[in-house]
Amino acid sequence: MKLFLPQNIFAEIFLSALNAVKEIQSEFIPSALLARKLSVEPDSVALIPTLDLISNKELFVSPDIGMSFDGPISNAFIYFKHGDESLNELILSGDVSTNEVILSKIVFKELYNLDISVSLNRSEETTANKNYLIVGSENFEKNRFADGITLAEEVNELINAPYVNYILASASEETLKEFVSTYKNKIADSTAVDLPAIARG
């Protein structure tokens, strides 16, 4: 069985919580490709962005294992251009998925009545004269996250519940059930997963 994971520090913690790295063949890939991998390798499981289920209705989903963010702990941070009093564009950078594309537009419309345009960062670098939503480990380099606002907090304010970012899924119901029955208790018993608030059902 193969486990596909998003490329971020929280997924690394998730994998360590399984305490079975040698038993599982795991691979970290960009979040946008996770659901597609499941259709190519049906005997695998993956932590996929939750909103990828919109276009992948054939996938089986575990109600017991996922990853949620709450409060200051987040995988995505918003950074505003210095001195800018208006916001009409947000550039998405890093390990971007359907979640960030959809949720950023919803959050700004519902909470701030702003119709923003979103685009992907075409450069490997970010500058201080643009508004960014950065996804993934880049936020934690040199404590950059301290200057940002977490997307999780914004979504939490909107829905009054934790932001479930990733959910365990598979193209095979049998494979999914086997993974959950084998590893659910290891995840639930691990204290390492408390930091990223990994959902345990």
Over the heavy atoms of Glu153, what accessible area does a 1.4 Å probe trace out, to the nearest 10 Å²? 80 Å²
Cα long-axis angle, helix 98-112 against the chain (0 to 90 degrees, to the nearest 10): 40 degrees
Arg144: accessible area at probe 1.4 Å, nearest 10 Å²? 70 Å²
Normalised by the number of residues in the chain, what is the relative contact order in percent for Cα pairs under 8 Å and 6+ residues apart? 35 percent
What is the angle, in °, between the Cα long axis of helix 173-189 and the longest principal axis of the Cα atoms in the chain? Nearest 10 is fine, range 0 to 90. 70 degrees
Give the cross-link partners of Lys184 among the aspartates and glutamates, using a straight C-alpha distance below 12 Å as the criterion and excluding same-chain residues fewer than 8 apart. Asp64
Please list, in chain and number order, the residues 5+ apart from Phe28 or on another chain whose amide H is under 5 Å from its amide H, with Hs placed from the backbone. Leu5
If you line up the long axis of helix 9-18 against the longest principal axis of the chain, both from Cα atoms, how many degrees apart are they, to the nearest 10? 20 degrees
According to the Kirkwood expression over distinct Cα-Cα pairs, how big is the hydrodynamic radius of the range 47-170, in Å? 15.1 Å
The chain: calculated mean residue ellipticity at 222 nm from DSSP helix runs of at least 4, using -39500 (n - 2.57): -9000 deg cm²/dmol
Equivalent ellipsoid semi-axes - Cα gyration tensor, the range 1-77, angstrom: 19, 17, 11
For a quick check of understanding: with a 1.4 angstrom probe and all protein chains in place, what accessible area in square angstrom does Ile65 have, to the nearest ten? 10 Å²
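The values are calculated or read from the model by the stated rules, or taken from the named source; none is laboratory data. This is a predicted model, so every value here is computed, not measured. These accessible areas exclude ligands, DNA and RNA; they are computed on the full protein's heavy atoms, side chains included. Shrake-Rupley method; radii C 1.70, N 1.55, O 1.52, S 1.80 Å.
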